[in-house]
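Take a look at the structure below.
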Amino acid sequence: MKKLTIILLFASCLLNATENSVIKGLIANSELIPQPFAIVLLKNSKDSTLSKGEITNDKGEFYFDQLKQGNYFLEIQMTGFQKKKISNIIIPEQDSIIDLKTIVLEPHSTDLKEINVVADKPFIEQQVDKTVVNIENSIIQNGSSIMEVIEKLPGVIVDQNGNISIKGKQGVIVMIDGKRTALSGQDLSSMLKSMASSNIQKIEIITNPSAKYDAAGNAGIINIVMKKNRRDGLNGSITAGYGQGRYPKYNGSINLNYKEKKYNLFFNYNYSKRLGFNHLSIDRKFYGADTINTVFRTENYILFPSENHTPRIGVDLYISPKTTLSFLGTGGITQFNPSTSDHTNIINGNDQLIQSYDFTNSSKEQFYNYAFNTELKHQFDSIGQELVFDLDYANYVSGSDQYFATTYYNSNGVFTNEDVLSSNQLSTLQLYSAKADYTKPLKKEYQLEAGVKSSYVSSDNDIAFYNKINNSFIFDSTRSSHFLYAENINAAYLSMRKEYKRFSYQLGLRTEQTVARGKQILNAKTFNRNYAQIFPTAYFDLKLSEKNNINLSLGRRIDRPAYEQMNPYRSLINATTFSEGNPYLLPQLTYNIEFTYSYNNMFFANLTYSLTTDNITDVLIQDSQTQTTVQTIANLDQLNFYSLNLTFSKKMTKWWTTNTSILSYYGLYTGNINNNHIRQGEPSFYLNSGNSFFIMEGLSMEANFILNYKNIYGITTMNTTYNFSLGVQKSILKNKGTITVNMSDIFWKAYPSGVTEFDNVREDWTAKRDTRVLNVSFTYKFGKGKASRLRRNTGADDEKSRIQKQ
């Protein structure tokens, strides 16, 4: 920590070591009326590279400062005017002020009543530090839930429990507009399934984040960027959609934005009502030596009706041309009432029925959350020096009432007895976060970034179970739980970037201190954590030629257990299966190295290796004596992971564009669980091919094919799945309206299945879901005005992804 403080102090001493030359001026029309919002680009005369960019203020003025010696030229662009170029602007060695006075723009010679600008943006963009998937104009994604969109992302896999992995690795952090989501595991999956995709602009996949990001997430970050209105005045859009699989799905949204010179006010509301299902078939065999002793054959059917309301409101106040104060409020209300019907036959080694039981569970669950963010952003100059402060507060409340009934029958199908349980649960969680980020471009193409952050989380999860005995419900202390958890994370980071003509590098260092304590009140189990970790990152980028580029990145990351994963209470799944948290879970640490080659921004090859210690893995522990199964979480010693990802993205003809990626990977899991040694791994591959077709003006089509070959996760072998989807989109109402029709998983082969083997138990399972859905949606956009600045991201992060709905 002392070394980091010294580095920060030393870096601050460099802040005055910059050039002080200035270029300024004013942009006006032919009548000498100042023109705000004109784009002014300052470029180097030698190679035409961009040095700085600026947008004129409300007085039409622009101002570039802290410029170094050189020869420059200006490019001025503005809608309705011809592009203007000012050449041969020379800055001498000594500090100087160059005033270009008034620059007059000439209007276009043709009076255009309407200009339609169509950005031919590829569906997948490979950038130096991330992969960008442009969802906004995708046809087959329209009408889907956000989870269904994520399932189709290149290199992203979602398993049968809703856990997300990138390139075969779990430990993914999901962010929305740069702000960490408040859930993880099954609860994150439920939230993403209930949210419509109609408001997504793009999704960023960041596999090796820089020191500026929280160190959590060994597989990387998925950042969902929502649509934002960029125009002055009142603008907005309305979307309505209907989907039909086995069950219906509805969604709708409204977006409103009103912007003036001094403020930007925006409001968004999303509504969805979805009914889904999960049909789980399990064949669980208990062995004695090589002989089958007992078989449990289960048919489990769950209905998932959900209704979700998500409002979002905020305002940006432009205090000055360089200072913005922003307020953002978000909320969510979700009604989730799943019901379970389960039948299990228990069979001996001679395939004779011993016993059977029916298990039912009805649940009424409600989730409420609200969060507030305040951000102050100040730009000191036009070259990128800025300081950003963020304050966040979030509150999450969930409650549920559940009723469980298990009815037992003998080998002849005659009723023997019945067990009845009920439960009620109340969970609350509060989160506080504060952070500051500073960026400072230095002379000789250096850039400094530094920041600090502190967060505090407290949660209270109280769940009570009651056994029905003689028509009375008696409190069951063995199943009940009251779990308290508190966590404080303090962090600081520093990074330096250097740009050369064909080579650049960035070195970063982040340190995080974690102080946590948990207490299970009913059984008096407690745990405490207090540790500090350092997370270095390094990036090197070399432009071999105009079309060839290579990139190398290295980093160290951490995954802390989700809050609920450390809660030691047992949650009933059916009569012979339950889940249990592990209060002794350790954080997992990952060392990543990635090498990327790109050709002409068309072909990309990415080679990755990572080593994860104390790997957090979902495991099934089978007890052959009691013939019960425990779903829990454990630390495996190591995960060695290798992957090669090849991506091809090209406009093949005027009417056909393809984006195809093939990911091959191998993960080797080693360690000990329940006194059993595990060494398990198998090579696998994943294919994702998206193709778009231009049919005629205003009419287009998309086709997408995904193949996920069988792969290993922990102690489970996942079987091969594939998904073929097709969609058509038509523009109407003078391009203000859009009708989209698509069908996902046409052949219904995307649902997961697999084999879990551990000790003397083998479990074959299949989980059929409502993945084949026909969607119809309509979107109408209204309002007009010229493009303006974007709403910023917010600051709360790592701790939010680990919160569970209790």
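Quick notes on this one:
- Candidate lysines for bridging to K364, where Cα separation is under 25 Å - those fewer than 8 sequence places away on the same chain excluded: K193, K249, K273, K468, K768, K800, K805
- In this structure, the amide hydrogen of V773, modeled 1.01 Å from its nitrogen in the peptide plane, lies closer than 5 angstrom to those of S744, counting only residues at least 5 positions away or on a different chain.
- Cα gyration tensor, region 660-705 - rounded (a/c under 1.5), prolate or oblate: prolate
- Cβ charges +1 (Lys, Arg) and -1 (Asp, Glu), total dipole of region 480-624, debye: 540
- Shape call, region 206-335: gyration tensor on alpha carbons, a/c limit 1.5: oblate
- Principal-axis tilt of helix 2-13 within the chain, Cα atoms, nearest 10 degrees: 20
- Hull volume in cubic angstrom per residue (convex hull over the Cα atoms of the chain): 162
- Shape call, region 427-507: gyration tensor on alpha carbons, a/c limit 1.5: prolate
- When restricted to Cα atoms, region 519-664 yields an Rg and a Dmax of 22.4, 69 Å, respectively.
- The chain: calculated mean residue ellipticity at 222 nm from DSSP helix runs of at least 4, using -39500 (n - 2.57): -1000 deg cm²/dmol
- Cβ-Cβ FRET estimate between L41 and K273, R0 fixed at 41 Å, reported to 0.05: 0.30
- Taking all pairs of distinct alpha-carbon atoms in region 296-364, Kirkwood radius in angstrom: 17.0
- In the structure shown, the pairs K52/K227; K227/K651; K212/K498 are assessed against 21 Å; a Cα-Cα span above that value is assigned to K52/K227; K227/K651.
- Between amide H atoms placed 1.01 Å from N, distances below 5 Å from N57 occur with F37, all of them 5 or more places distant or on a separate chain.
- Radius 15 Å from Cβ of D351, net charge of other residues (Lys, Arg +1; Asp, Glu -1): +2
- Extents of region 539-592, largest first, come to 64, 22, 13 Å (Cα atoms, principal axes, whole angstrom).
- Computed from backbone phi, the HN-Hα couplings of region 710-717 come to 3, 8, 9, 10, x, 10, 10, 9 Hz, rounded to whole numbers (Karplus: 6.51 cos²θ - 1.76 cosθ + 1.60, θ = phi - 60°; Gly and Pro given as x).
- Nearest 10 degrees, 0 to 90: helix 185-194 Cα axis against the chain principal axis: 60
- Counted charge near V295, where neighbours are those whose Cβ lies closer than 9 Å (Asp, Glu -1; Lys, Arg +1): +1
- The lysines whose alpha-carbon is closer than 17 Å to the alpha-carbon of K730, local same-chain residues fewer than 8 away aside, are K781.
- Accessible area of the chain divided out per residue, in Å², using a probe of 1.4 angstrom: 45
- DSSP finds beta bridges in the chain, and of those with both partners inside it, around 95 percent are antiparallel.
- Computed in the context of the full set of protein chains, the accessible area of the chain at 1.4 Å probe radius has 55% of its extent on carbon or sulfur.
The values are calculated or read from the model by the stated rules, or taken from the named source; none is laboratory data. The shown structure was predicted, so the numbers you read here are calculated from the model rather than taken from an experiment. In this analysis, Cβ positions are derived from the backbone assuming ideal geometry, glycine residues included, and neighbour counts consider all displayed protein chains. Only protein heavy atoms, including side chains, enter the accessible area calculation; ligands, DNA and RNA are left aside. Shrake-Rupley method; radii C 1.70, N 1.55, O 1.52, S 1.80 Å.
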